[in-house]
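The values are calculated or read from the model by the stated rules, or taken from the named source; none is laboratory data. Quick caveat, the model's predicted, so the values are computed rather than measured. Because the Cβ atoms are built from the backbone with ideal geometry, glycine has one as well, and the counts that use them run over all protein chains shown. With ligands, DNA and RNA removed, areas are computed over all heavy atoms of the protein, side chains included. Shrake-Rupley method; radii C 1.70, N 1.55, O 1.52, S 1.80 Å.
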Amino acid sequence: MSLVPNPAPTDITPEEKACEPSRGVRAMQPKDLQAVGRLFNKVFRRREEEPRQDLLDYLDGVFMKNPGYAPEHGSLLHQDKSGRIDSALLALPMPLRPDLCFTDNASPVSADHTTTAGGITLPILSLEWRRTFRPLQAALDRLREKFPPLRRLPISPLLGPIDALLRKAFRTFVPQKPPGIVSTDAGIDEFFACTGPMTQRFSIRPDWSREDLQWLMATAAQNTSLGELRCRTVSNARGETIGCYLFFGRRGEMAHVLNVLCLAGRELDVVSQMFSDLAEAGYAASEGKAQPFLMNALMRQRQMIFRHRGYFCMVSQHADVREAAMRGDIFVGGLASESWSRLLTDFR
(Lines give C-alpha, C1' and ligand atoms only; values in the text may rest on other atoms or scores of the structure.)
Protein backbone atom coordinates (compact mmCIF):
# COMPACT_ATOMS: atom_id res chain seq x y z
CA MET A 1 0.00 0.00 0.00
CA SER A 2 1.50 3.32 -1.05
CA LEU A 3 0.73 6.68 0.59
CA VAL A 4 1.63 9.45 -1.86
CA PRO A 5 -0.45 12.60 -1.40
CA ASN A 6 1.82 14.98 -3.31
CA PRO A 7 3.73 14.91 -6.61
CA ALA A 8 7.25 13.55 -6.47
CA PRO A 9 9.77 16.17 -5.36
CA THR A 10 11.76 17.89 -8.08
CA ASP A 11 15.50 17.53 -8.44
CA ILE A 12 17.65 19.73 -6.24
CA THR A 13 21.12 21.15 -6.61
CA PRO A 14 24.17 19.51 -4.97
CA GLU A 15 24.45 22.57 -2.70
CA GLU A 16 20.88 22.09 -1.49
CA LYS A 17 21.41 18.38 -0.99
CA ALA A 18 24.47 19.03 1.17
CA CYS A 19 22.32 21.13 3.50
CA GLU A 20 19.57 18.54 3.96
CA PRO A 21 20.91 15.24 5.25
CA SER A 22 17.44 13.99 6.22
CA ARG A 23 16.07 14.06 2.68
CA GLY A 24 15.52 10.77 0.84
CA VAL A 25 14.19 7.23 1.26
CA ARG A 26 14.67 5.21 4.44
CA ALA A 27 13.11 2.36 6.40
CA MET A 28 10.06 3.12 8.51
CA GLN A 29 10.64 3.16 12.28
CA PRO A 30 8.21 3.05 15.22
CA LYS A 31 8.74 6.77 15.81
CA ASP A 32 7.29 7.45 12.33
CA LEU A 33 3.88 5.88 12.95
CA GLN A 34 2.21 9.14 13.96
CA ALA A 35 3.26 10.81 10.69
CA VAL A 36 2.34 7.72 8.66
CA GLY A 37 -1.08 7.54 10.31
CA ARG A 38 -1.63 11.22 9.52
CA LEU A 39 -0.64 10.52 5.91
CA PHE A 40 -3.04 7.56 5.78
CA ASN A 41 -5.92 9.76 6.90
CA LYS A 42 -5.07 12.36 4.26
CA VAL A 43 -4.65 9.96 1.33
CA PHE A 44 -7.31 7.31 1.99
CA ARG A 45 -9.82 9.03 4.27
CA ARG A 46 -9.60 12.51 2.72
CA ARG A 47 -9.28 14.30 6.05
CA GLU A 48 -6.54 16.27 7.75
CA GLU A 49 -6.40 14.96 11.29
CA GLU A 50 -4.19 13.10 13.74
CA PRO A 51 -4.54 9.29 13.68
CA ARG A 52 -6.55 7.55 16.39
CA GLN A 53 -4.74 5.20 18.75
CA ASP A 54 -6.39 2.11 17.23
CA LEU A 55 -4.91 2.99 13.83
CA LEU A 56 -1.46 3.51 15.36
CA ASP A 57 -1.70 0.16 17.18
CA TYR A 58 -2.71 -1.58 13.96
CA LEU A 59 0.13 -0.06 11.92
CA ASP A 60 2.58 -1.07 14.64
CA GLY A 61 1.28 -4.63 14.95
CA VAL A 62 1.07 -5.36 11.22
CA PHE A 63 4.09 -3.53 9.81
CA MET A 64 6.56 -3.39 12.73
CA LYS A 65 5.82 -6.59 14.66
CA ASN A 66 4.96 -9.16 11.99
CA PRO A 67 6.91 -12.47 12.08
CA GLY A 68 9.02 -11.62 9.03
CA TYR A 69 9.89 -8.07 9.99
CA ALA A 70 13.37 -6.73 9.33
CA PRO A 71 14.23 -3.10 8.55
CA GLU A 72 15.73 -4.05 5.18
CA HIS A 73 12.53 -5.88 4.17
CA GLY A 74 9.94 -3.59 5.71
CA SER A 75 8.09 -0.40 4.91
CA LEU A 76 9.78 2.61 3.33
CA LEU A 77 9.38 6.36 3.76
CA HIS A 78 10.39 9.42 1.79
CA GLN A 79 11.37 12.65 3.54
CA ASP A 80 11.44 16.00 1.80
CA LYS A 81 14.22 18.54 2.24
CA SER A 82 12.71 19.80 5.48
CA GLY A 83 12.63 16.29 6.95
CA ARG A 84 8.85 15.95 6.60
CA ILE A 85 7.53 12.51 5.64
CA ASP A 86 5.66 13.14 2.39
CA SER A 87 5.10 9.58 1.17
CA ALA A 88 5.29 5.99 2.40
CA LEU A 89 5.23 2.46 1.05
CA LEU A 90 3.74 0.04 3.58
CA ALA A 91 5.20 -3.44 3.04
CA LEU A 92 4.47 -6.76 4.72
CA PRO A 93 7.26 -9.33 4.24
CA MET A 94 5.87 -12.74 3.38
CA PRO A 95 7.62 -16.05 2.54
CA LEU A 96 7.12 -16.69 -1.18
CA ARG A 97 8.93 -18.77 -3.80
CA PRO A 98 10.71 -16.94 -5.34
CA ASP A 99 11.72 -13.28 -4.67
CA LEU A 100 9.19 -10.66 -5.82
CA CYS A 101 7.12 -7.69 -4.68
CA PHE A 102 3.43 -7.19 -5.48
CA THR A 103 0.19 -5.44 -4.63
CA ASP A 104 -3.32 -6.43 -5.68
CA ASN A 105 -5.22 -3.15 -5.28
CA ALA A 106 -3.07 -0.54 -7.01
CA SER A 107 -4.53 2.62 -8.54
CA PRO A 108 -4.00 3.47 -12.24
CA VAL A 109 -1.22 5.90 -11.23
CA SER A 110 0.57 3.23 -9.18
CA ALA A 111 0.17 0.75 -12.03
CA ASP A 112 1.77 3.24 -14.42
CA HIS A 113 4.64 3.76 -12.00
CA THR A 114 5.13 -0.01 -11.75
CA THR A 115 5.33 -0.58 -15.50
CA THR A 116 7.60 2.44 -15.94
CA ALA A 117 9.96 0.92 -13.37
CA GLY A 118 10.04 -2.40 -15.26
CA GLY A 119 7.26 -4.19 -13.43
CA ILE A 120 4.17 -5.86 -14.86
CA THR A 121 0.41 -5.83 -14.33
CA LEU A 122 -1.62 -9.04 -14.55
CA PRO A 123 -5.14 -8.62 -16.01
CA ILE A 124 -6.89 -11.67 -14.51
CA LEU A 125 -5.51 -11.04 -11.02
CA SER A 126 -6.75 -7.45 -11.37
CA LEU A 127 -10.36 -8.68 -11.52
CA GLU A 128 -12.89 -9.40 -8.79
CA TRP A 129 -15.75 -11.88 -9.21
CA ARG A 130 -19.19 -11.67 -7.59
CA ARG A 131 -21.85 -14.40 -7.45
CA THR A 132 -25.38 -13.43 -6.33
CA PHE A 133 -27.71 -15.71 -4.32
CA ARG A 134 -30.31 -13.26 -2.97
CA PRO A 135 -30.57 -10.32 -5.37
CA LEU A 136 -32.48 -7.78 -3.27
CA GLN A 137 -30.38 -8.33 -0.17
CA ALA A 138 -27.21 -8.16 -2.30
CA ALA A 139 -28.37 -4.85 -3.78
CA LEU A 140 -29.03 -3.52 -0.27
CA ASP A 141 -25.50 -4.53 0.79
CA ARG A 142 -24.02 -2.55 -2.10
CA LEU A 143 -26.06 0.48 -1.05
CA ARG A 144 -24.88 0.06 2.53
CA GLU A 145 -21.28 0.15 1.33
CA LYS A 146 -21.92 3.60 -0.14
CA PHE A 147 -24.31 4.83 2.55
CA PRO A 148 -23.39 3.21 5.91
CA PRO A 149 -26.31 4.84 7.82
CA LEU A 150 -28.63 2.44 5.97
CA ARG A 151 -27.33 -0.31 8.27
CA ARG A 152 -29.41 1.18 11.06
CA LEU A 153 -32.66 0.69 9.15
CA PRO A 154 -34.47 -2.69 9.59
CA ILE A 155 -34.88 -3.31 5.87
CA SER A 156 -33.44 -6.84 5.56
CA PRO A 157 -36.39 -8.73 7.11
CA LEU A 158 -38.68 -7.16 4.51
CA LEU A 159 -36.53 -8.39 1.62
CA GLY A 160 -36.23 -12.02 2.73
CA PRO A 161 -39.66 -13.23 1.51
CA ILE A 162 -39.28 -11.44 -1.83
CA ASP A 163 -35.82 -12.94 -2.35
CA ALA A 164 -37.27 -16.37 -1.57
CA LEU A 165 -39.87 -15.92 -4.32
CA LEU A 166 -37.21 -14.72 -6.77
CA ARG A 167 -35.07 -17.79 -6.01
CA LYS A 168 -38.02 -20.05 -6.78
CA ALA A 169 -38.86 -18.20 -9.98
CA PHE A 170 -35.27 -17.81 -11.20
CA ARG A 171 -33.31 -20.93 -10.32
CA THR A 172 -30.05 -19.39 -11.51
CA PHE A 173 -29.78 -17.75 -8.06
CA VAL A 174 -29.56 -21.25 -6.51
CA PRO A 175 -26.12 -22.89 -7.10
CA GLN A 176 -26.10 -26.53 -8.10
CA LYS A 177 -24.46 -28.84 -5.58
CA PRO A 178 -21.88 -31.18 -7.20
CA PRO A 179 -22.74 -34.89 -6.74
CA GLY A 180 -20.71 -36.82 -4.20
CA ILE A 181 -19.02 -33.74 -2.75
CA VAL A 182 -19.35 -32.63 0.87
CA SER A 183 -17.80 -29.92 3.05
CA THR A 184 -17.20 -29.31 6.73
CA ASP A 185 -16.00 -26.53 9.02
CA ALA A 186 -12.24 -26.53 9.56
CA GLY A 187 -9.53 -24.73 11.51
CA ILE A 188 -5.95 -23.66 11.00
CA ASP A 189 -4.52 -27.19 11.08
CA GLU A 190 -6.79 -28.40 8.28
CA PHE A 191 -6.13 -25.26 6.23
CA PHE A 192 -2.37 -25.59 6.73
CA ALA A 193 -2.52 -29.27 5.67
CA CYS A 194 -4.03 -28.15 2.35
CA THR A 195 -1.64 -25.31 1.55
CA GLY A 196 1.42 -27.39 0.63
CA PRO A 197 -0.11 -30.14 -1.55
CA MET A 198 -2.58 -27.78 -3.23
CA THR A 199 -0.15 -25.00 -4.16
CA GLN A 200 2.93 -27.02 -5.10
CA ARG A 201 1.87 -27.04 -8.78
CA PHE A 202 2.54 -23.28 -8.99
CA SER A 203 5.99 -21.85 -9.60
CA ILE A 204 5.08 -18.75 -7.57
CA ARG A 205 3.37 -19.59 -4.29
CA PRO A 206 3.46 -18.85 -0.56
CA ASP A 207 5.92 -20.78 1.55
CA TRP A 208 3.90 -20.55 4.76
CA SER A 209 4.87 -22.21 8.00
CA ARG A 210 2.15 -22.99 10.51
CA GLU A 211 3.34 -20.02 12.56
CA ASP A 212 3.06 -17.74 9.51
CA LEU A 213 -0.51 -18.87 8.91
CA GLN A 214 -1.42 -18.58 12.56
CA TRP A 215 -0.28 -14.94 12.65
CA LEU A 216 -1.97 -14.13 9.32
CA MET A 217 -5.28 -15.70 10.27
CA ALA A 218 -5.27 -14.11 13.74
CA THR A 219 -4.48 -10.69 12.28
CA ALA A 220 -7.01 -11.07 9.46
CA ALA A 221 -9.68 -12.10 12.00
CA GLN A 222 -9.39 -8.64 13.56
CA ASN A 223 -11.22 -7.29 10.50
CA THR A 224 -14.62 -7.83 12.06
CA SER A 225 -16.21 -5.28 9.73
CA LEU A 226 -16.22 -8.07 7.13
CA GLY A 227 -17.70 -10.60 9.53
CA GLU A 228 -16.32 -13.79 11.05
CA LEU A 229 -13.28 -15.47 9.46
CA ARG A 230 -14.18 -19.07 8.65
CA CYS A 231 -12.67 -22.04 6.82
CA ARG A 232 -14.26 -25.12 5.26
CA THR A 233 -12.67 -28.20 3.70
CA VAL A 234 -14.19 -29.95 0.68
CA SER A 235 -14.08 -33.74 0.31
CA ASN A 236 -15.05 -36.34 -2.28
CA ALA A 237 -17.28 -39.38 -1.78
CA ARG A 238 -14.33 -41.37 -0.35
CA GLY A 239 -13.73 -38.74 2.31
CA GLU A 240 -10.53 -37.47 0.68
CA THR A 241 -9.90 -33.73 0.98
CA ILE A 242 -9.86 -32.17 -2.48
CA GLY A 243 -9.93 -28.50 -1.51
CA CYS A 244 -10.75 -25.84 1.02
CA TYR A 245 -11.79 -22.21 1.16
CA LEU A 246 -11.35 -19.33 3.59
CA PHE A 247 -13.83 -16.46 3.86
CA PHE A 248 -15.29 -13.64 5.93
CA GLY A 249 -18.99 -13.19 6.28
CA ARG A 250 -22.18 -12.46 8.15
CA ARG A 251 -25.21 -14.53 7.25
CA GLY A 252 -27.67 -12.48 5.25
CA GLU A 253 -24.89 -10.28 3.87
CA MET A 254 -21.82 -10.63 1.63
CA ALA A 255 -19.36 -13.51 1.95
CA HIS A 256 -15.84 -12.25 1.17
CA VAL A 257 -13.79 -15.20 -0.10
CA LEU A 258 -10.07 -14.87 0.59
CA ASN A 259 -8.62 -18.14 -0.70
CA VAL A 260 -9.77 -21.17 -2.63
CA LEU A 261 -7.34 -24.11 -2.72
CA CYS A 262 -7.84 -27.38 -4.54
CA LEU A 263 -6.10 -30.32 -6.15
CA ALA A 264 -5.45 -29.98 -9.87
CA GLY A 265 -8.54 -30.95 -11.85
CA ARG A 266 -10.95 -30.46 -8.93
CA GLU A 267 -11.50 -26.73 -9.40
CA LEU A 268 -15.11 -27.02 -10.58
CA ASP A 269 -16.11 -29.38 -7.76
CA VAL A 270 -14.60 -27.16 -5.07
CA VAL A 271 -15.94 -23.88 -6.48
CA SER A 272 -19.42 -25.33 -7.01
CA GLN A 273 -19.50 -26.77 -3.48
CA MET A 274 -18.34 -23.43 -2.06
CA PHE A 275 -21.16 -21.52 -3.74
CA SER A 276 -23.70 -24.15 -2.69
CA ASP A 277 -22.50 -23.91 0.91
CA LEU A 278 -22.63 -20.12 1.00
CA ALA A 279 -26.09 -19.97 -0.56
CA GLU A 280 -27.47 -22.60 1.85
CA ALA A 281 -25.93 -20.73 4.80
CA GLY A 282 -27.99 -17.65 3.91
CA TYR A 283 -25.42 -15.27 2.45
CA ALA A 284 -26.78 -12.72 -0.03
CA ALA A 285 -23.82 -13.00 -2.40
CA SER A 286 -20.13 -13.82 -2.43
CA GLU A 287 -17.09 -12.09 -3.88
CA GLY A 288 -13.38 -12.71 -4.25
CA LYS A 289 -10.34 -12.09 -6.38
CA ALA A 290 -10.02 -13.87 -9.73
CA GLN A 291 -7.26 -16.44 -10.13
CA PRO A 292 -6.04 -17.87 -13.46
CA PHE A 293 -6.42 -21.48 -12.33
CA LEU A 294 -10.02 -20.87 -11.18
CA MET A 295 -11.33 -18.96 -14.20
CA ASN A 296 -12.82 -21.96 -16.02
CA ALA A 297 -14.71 -23.04 -12.89
CA LEU A 298 -15.88 -19.50 -12.12
CA MET A 299 -17.10 -18.79 -15.65
CA ARG A 300 -19.33 -21.87 -15.53
CA GLN A 301 -21.37 -20.37 -12.69
CA ARG A 302 -24.67 -18.56 -13.17
CA GLN A 303 -25.32 -15.02 -11.84
CA MET A 304 -21.58 -14.37 -12.00
CA ILE A 305 -19.99 -11.03 -12.88
CA PHE A 306 -16.39 -9.86 -13.10
CA ARG A 307 -15.26 -6.32 -12.49
CA HIS A 308 -12.04 -4.37 -12.14
CA ARG A 309 -11.39 -2.78 -8.73
CA GLY A 310 -7.60 -2.43 -8.61
CA TYR A 311 -4.50 -3.43 -10.51
CA PHE A 312 -2.35 -6.41 -9.60
CA CYS A 313 1.19 -5.10 -9.99
CA MET A 314 4.36 -7.16 -9.60
CA VAL A 315 8.07 -6.39 -9.64
CA SER A 316 10.86 -8.97 -9.79
CA GLN A 317 14.44 -8.85 -10.98
CA HIS A 318 14.12 -12.42 -12.29
CA ALA A 319 12.89 -12.80 -15.88
CA ASP A 320 11.67 -16.36 -15.29
CA VAL A 321 9.50 -15.15 -12.39
CA ARG A 322 7.89 -12.48 -14.56
CA GLU A 323 7.30 -15.05 -17.32
CA ALA A 324 5.72 -17.53 -14.88
CA ALA A 325 3.38 -14.84 -13.57
CA MET A 326 2.36 -13.75 -17.06
CA ARG A 327 1.41 -17.31 -18.04
CA GLY A 328 -0.70 -17.72 -14.87
CA ASP A 329 1.71 -20.03 -13.02
CA ILE A 330 1.09 -18.17 -9.76
CA PHE A 331 -0.91 -18.55 -6.54
CA VAL A 332 -1.32 -15.34 -4.57
CA GLY A 333 -4.21 -13.38 -3.12
CA GLY A 334 -6.30 -13.62 0.01
CA LEU A 335 -3.98 -14.23 2.94
CA ALA A 336 -1.10 -13.90 0.47
CA SER A 337 -2.06 -10.31 -0.29
CA GLU A 338 -3.54 -7.29 1.48
CA SER A 339 -7.26 -7.92 0.93
CA TRP A 340 -7.74 -8.94 4.58
CA SER A 341 -6.26 -5.72 5.93
CA ARG A 342 -8.33 -3.40 8.11
CA LEU A 343 -6.67 -0.49 6.30
CA LEU A 344 -8.99 -1.21 3.38
CA THR A 345 -12.21 -1.23 5.40
CA ASP A 346 -11.80 0.41 8.81
CA PHE A 347 -10.54 3.58 10.54
CA ARG A 348 -13.11 5.83 8.87
Quiz item: For the range 84-105, does any single residue satisfy the condition of being part of a helix (DSSP H, G or I), aliphatic (A, V, I, L, M) and closer than 28 Å to Ala319 by Cβ?
Solution: no
Quiz item: Pick from Phe306, Phe293: which is assigned to a helix (DSSP H, G or I) and either open to solvent by 70 Å² or more (accessible area, probe 1.4 Å) or not acidic (Asp, Glu) (or both)?
Solution: Phe293
Practice problem: Can you confirm whether the range 321-329 contains a residue that is touching a helix residue (DSSP H, G or I) at 6+ places or on another chain (Cβ under 7 Å), open to solvent by less than 70 Å² (accessible area, probe 1.4 Å) and outside any helix (DSSP H, G or I)? | Solution: yes
Practice problem: Select, from Asn41, Asn66, the only residue that is open to solvent by less than 80 Å² (accessible area, probe 1.4 Å), of a type in the set (S, T, N, Q), within 21 Å of the chain's Cα centre (by Cα) and within 21 Å of Ala220 (Cβ to Cβ). | Solution: Asn66
Quiz item: Quick check, is Lys81 of a type in the set (Lys, Arg), more than 24 Å from Gln301 (Cβ to Cβ), in contact (Cβ under 8 Å) with a residue 24 or more places away in the chain and open to solvent by 30 Å² or more (accessible area, probe 1.4 Å)?
Solution: yes
Exercise. State all residues of the range 271-288 that are without any contact (Cβ under 8 Å) to a residue 60 or more places away in the chain and open to solvent by less than 10 Å² (accessible area, probe 1.4 Å); if no residue qualifies, say none.
Key: Val271
Exercise. Have a look at Ala35, Ala111 and point out the one that is in a helix (DSSP H, G or I) and open to solvent by less than 20 Å² (accessible area, probe 1.4 Å).
Key: Ala111
Quiz prompt | Any chance Gly239 is modelled with pLDDT of 95 or more, open to solvent by 40 Å² or more (accessible area, probe 1.4 Å) and either not in a strand (DSSP E or B) or not basic (Lys, Arg) (or both) | solution = yes
Practice problem: Answer yes or no: is there a residue in the range 187-201 that is among the aromatic types (Phe, Trp, Tyr), outside any loop (DSSP other than H, G, I, E, B) and in contact (Cβ under 8 Å) with a residue 24 or more places away in the chain. | Solution: yes
Quiz item: If a residue has to be in a helix (DSSP H, G or I), under 14 Å from Ala279 (Cα atoms) and either more than 30 Å from the chain's Cα centre (by Cα) or among the small types (Gly, Ala, Ser) (or both) to count, how many in the range 168-186 make the cut?
Solution: 2
Quiz item: Taking the condition open to solvent by less than 70 Å² (accessible area, probe 1.4 Å) and more than 27 Å from the chain's Cα centre (by Cα), does Ala164 pass?
Solution: yes
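Residue-wise test of (1) at pLDDT 95 or above; (2) closer than 30 Å to Gln176 by Cα; (3) open to solvent by less than 30 Å² (accessible area, probe 1.4 Å); (4) hydrophobic (A, V, I, L, M, F, W, C).
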{"site": "Arg97", "(1), (2), (3), (4)": "no, no, no, no"}
{"site": "Phe102", "(1), (2), (3), (4)": "no, no, no, yes"}
{"site": "Leu140", "(1), (2), (3), (4)": "no, yes, yes, yes"}
{"site": "Lys146", "(1), (2), (3), (4)": "no, no, no, no"}
{"site": "Leu150", "(1), (2), (3), (4)": "no, no, no, yes"}
